[in-house]
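Chemist: Take this structure, written in structure tokens, and hold onto it; I'll ask about it next.
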């Protein structure tokens with residue numbers, strides 16, 4: 001694949017050259033239009049649901065453009081239902097039963113309808129329900145590549161899927177509807193992510209054909225055999241399906257062309273289809289079989305692998321790419337501003353930097369008294385931290401004052417006005433000293449856990465250490481290269497400095513972190529029955545106003561309990577050529593790709 005020196009040469013005046021899609025659907029594609037996008041991670045797999053596939057965000061970006069889903073989140077954290085793909089509807093609440101029905105217009109790029117067999121396969125792969133109990137795949141992973149070795153056993157069933165997305169709670173085999181497009185999924189408990197928990201990934205008819213090596217007469221026959229294997233829990237058939245699902249979609253790391261010889265591995269159900277892969281990246285073209293609402297305007301998207309930020313700036317300057325999000329440093333910010341014909345927008349990521357305090361089982365036990373927790377939070381120099389590590393690349397950056405809501409999200413402004421964050425807007429040494437005196441604590445020691453390889457965290461630690469000393473705190477270094485593995489470990493530290501990406505957890509994030517009985521991410525031993533009730537209420541809330549209200553109530557409790565402090569949302573710098581319009585960046589996982597079907601050549605006016 002070679003990107004042209006000017007990736008976008010077609011203007012809006014060429015709209016009249018649009019083609020007709022199959023099925024007599026009028027295309028919105030501008031013939032010949034092309035956009036280059038730089039990404040920092042390589043394209044390594046056509047199946048981003050596996051452990052290997054999840055190792056690169058680019059794999060998920062490509063899958064987003066080539067797949068379909070019942071619902072997704074837009075750039076303002078709002079859930080968008082895509083009825084052109086299908087509908088997800090709760091039909092019973094005890095147990096939670098969801099009817100997933102694919103639209104009659106949804107189809108794979110070979111013309112095969114997307115149907116219940118594809119959904120059943122997604123359940124099998126991402127629930128783990130059919131996997132051989134107690135099988136440990138770790139000893140079969142090549143430490144050099146992250147892929148499975150050739151000696152992976154043939155006598156086990158192991159789909160290396162996305163366990164944790166909600167389907168693991170659907171332990172009963174789903175039922176297929178009579179129309180062939182519907183799947184009824186029964187969850188053992190309420191799953192707040194039910195609208196996004198299930199989506200087709202790998203085509204059932206392709207997986208069955210590749211796994212068995214059979215020459216099926218038609219797609220229906222292949223799908224029937226796959227459905228039978230899952231419903232009957234045929235271990236031999238499922239073992240072969242799982243091994244193929246895990247490995248067949250990985251891209252060979254060879255020189256030159258890396259496009260799979262088997263074109264069926266490239267099938268798409270989304271607005272774009274992968275047409276070429278090489279070491280530089282991947283080419284996606286508009287999918288002529290796509291009939292949904294996300295119809296694209298740009299004919300070709302060239303995804304270019306560029307891990308070095310300054311090299312990415314050069315690609316922008318030379319016109320080899322049109323869109324890029326780079327790591328924000330003073331050097332990259334300065335270099336981007338020197339590129340002609342490119343607009344640079346500072347924004348925020350879904351990750352937030354925050355400080356957690358251990359309520360129990362900490363190294364020194366310093367924070368069991370709420371007055372000591374409050375005292376420490378009063379001397380955390382939040383604004384100084386922001387000015388030191390964020391403002392140089394995002395001059396308009398502001399402190400993050402909510403644990404649950406993000407700037408720009410519905411209800412954020414109202415939440416921070418009443419949740420108690422104002423008490424910690426600035427440092428207050430006198431208040432801290434008074435609280436320590438009231439608690440009869442002198443010279444308390446706080447051992448802070450953080451990543452020692454991060455310059456950002458080293459600077460934050462130094463600022464906290466210096467500021468806290470003014471009130472008598474001794475902040476010591478508990479940093480470790482294995483800091484992630486130490487989170488929540490009893491006796492390891494007193495406070496932790498790290499980032500959350502709660503938006504990836506969806507509506508269940510609050511419960512995962514703040515619920516007292518959560519084993520997933522409640523590292524602090526925080527327990528408040530009122531908060532437990534609120535996070536359960538939040539998980540079931542569907543109205544945005546109710547969600548914001550409940551989130552504000554949780555925020556208020558967290559500040560009252562001196563849980564810790566949110567600090568800032570991670571900054572981003574996104575550069576966009578003046579040759580392309582309608583490019584925005586979502587702070588959520590898909591970044592600039594979130595609305596790629598809306599990109600268009602710039603108007604010639």
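Read the figures in this text as sums done on the coordinates, not as results from a lab. The structure displayed is predicted, hence computed values, not measured ones. Neighbour counts are summed over all protein chains in view; Cβ atoms, including those assigned to glycine, are modelled from backbone coordinates with ideal geometry.
Chemist: What percent does the relative contact order of the chain come to when contacts are Cα pairs within less than 8 Å and at least six residues apart?
Modeler: 19 percent
Chemist: Something else now. Using the basic label-point model (7 angstrom from Cα toward the beta carbon), what is the residue 264 to residue 546 distance in nanometres?
Modeler: Each label point is offset 7 Å from its Cα along the Cβ direction, giving 4.6 nm.
Chemist: Hey, what's the Kirkwood Rh for segment 205-305 if you take every pair of different alpha carbons, in angstrom?
Modeler: 15.5 Å
Chemist: Of all DSSP beta bridges located in the chain, what percent are antiparallel, nearest 5?
Modeler: 80 percent
Chemist: Please report the relative contact order for segment 349-570, taking Cα pairs under 8 Å with a sequence separation of at least 6, and give it as a percent rounded to a whole number.
Modeler: In percent, rounded to a whole number, it is 37.
Chemist: Let me ask another. Report the semi-axes of the equivalent ellipsoid for the chain in whole Å, largest first, where each axis is √(5λ) for an eigenvalue λ of the Cα gyration tensor.
Modeler: Semi-axes, largest first: 43, 31, 23 Å.
Chemist: Let me ask you something else. Of the beta bridges DSSP finds with both residues in segment 349-570, what % are antiparallel, to the nearest 5?
Modeler: 65 percent
Chemist: Give the distance, in whole Å, between the Cα centre of segment 69-148 and the Cα centre of segment 531-587.
Modeler: Result: 25 Å between the Cα centres.
Chemist: Any chance you could get the radius of gyration and Dmax over the Cα atoms of segment 151-239, in Å?
Modeler: According to the Cα coordinates of segment 151-239, Rg and Dmax are 14.4, 42 Å.
Chemist: What is the angle, in °, between the Cα long axis of helix 235-247 and the longest principal axis of the Cα atoms in the chain? Nearest 10 is fine, range 0 to 90.
Modeler: 70 degrees
Chemist: Tell me the label-point distance for the pair residue 398, residue 465, using the 7 Å Cα-to-Cβ offset, in nm and rounded to one decimal.
Modeler: A separation of 3.3 nm, rounded to one decimal place.
Chemist: With r as the distance between the Cβ atoms of residue 364 and residue 228 and R0 = 45 Å, compute the FRET efficiency 1/(1 + (r/R0)^6) and round to 0.05.
Modeler: 0.15
Chemist: Normalised by the number of residues in segment 441-578, what is the relative contact order in percent for Cα pairs under 8 Å and 6+ residues apart?
Modeler: Reported as a whole number, the value is 17 percent.
Chemist: Counting each DSSP H run of 4 or more residues in the chain as -39500 (n - 2.57), what helix-only mean residue ellipticity at 222 nm follows after dividing by all residues, to the nearest 500 deg cm²/dmol?
Modeler: Value at 222 nm, helices only, nearest 500: -8000 deg cm²/dmol.
Chemist: Go through 481-487, 117-123, 79-85 and give me the packing order, highest mean Cβ count within 10 Å leading.
Modeler: Most protected by this proxy first, the peptides run 117-123, 79-85, 481-487.
Chemist: Right, another one. If you stretched the chain out fully between residue 255 and residue 293, how much longer would it get, using 0.36 nm times the residue separation minus the C-alpha to C-alpha distance?
Modeler: Fully extending the segment from residue 255 to residue 293 adds 9.9 nm.
Chemist: List the residues of segment 451-468 whose backbone N lies under 13 Å from a point placed 7 Å from the Cα of residue 388 along the Cα-to-Cβ direction.
Modeler: 455-468
Chemist: Can you give the FRET efficiency for residue 423 and residue 179, using 1/(1 + (r/R0)^6), R0 = 41 Å, r = Cβ-Cβ distance, to the nearest 0.05?
Modeler: Efficiency computed from Cβ-Cβ geometry: 0.10.
Chemist: On C-alpha positions alone, give me the angle between the axis of helix 57-66 and the longest principal axis of the chain, in degrees, nearest 10.
Modeler: On a 0 to 90 degree scale, this one is about 40.
Chemist: Any idea how far the Cα center of segment 219-273 sits from the one of segment 373-417, in Å?
Modeler: 46 Å
Chemist: Expressed as cubic angstrom per residue, what is the convex hull volume of the alpha carbon set of segment 349-570?
Modeler: Hull volume normalised by residue count: 112 Å³.
Chemist: How far, in degrees from 0 to 90, does helix 529-540 lean away from the longest principal axis of the Cα atoms of the chain, to the nearest 10?
Modeler: The angle comes out near 20 degrees.
Chemist: Once the Cα gyration tensor of segment 266-417 is diagonalised, what are the square roots of 5 times its eigenvalues, in whole Å and ordered largest first, as equivalent ellipsoid semi-axes?
Modeler: Whole-Å semi-axes of the equivalent ellipsoid: 42, 22, 16.
Chemist: Shape call for segment 390-512 from the C-alpha gyration tensor, a ≥ b ≥ c root eigenvalues: rounded (a/c under 1.5), prolate (a/b greater than b/c) or oblate?
Modeler: Judged from the Cα gyration tensor, segment 390-512 comes out oblate (a/c at least 1.5, b/c at or above a/b).
Chemist: Here's another thing I want to ask about it. How large is Rg over Rh for segment 428-494, taking Rg from the Cα atoms and Rh as the Kirkwood inverse mean of 1/r across Cα pairs?
Modeler: 1.04
Chemist: Given a Förster distance of 45 angstrom, what is the FRET efficiency for residue 144 paired with residue 445, based on the Cβ-Cβ distance and rounded to 0.05?
Modeler: The computed FRET efficiency comes out at 0.60.
Chemist: Say each of residue 578 and residue 310 gets a label point 7 Å from the Cα, pointing the same way as Cα to Cβ; how far apart are those two points in nm?
Modeler: Result: 2.7 nm between the two label points.
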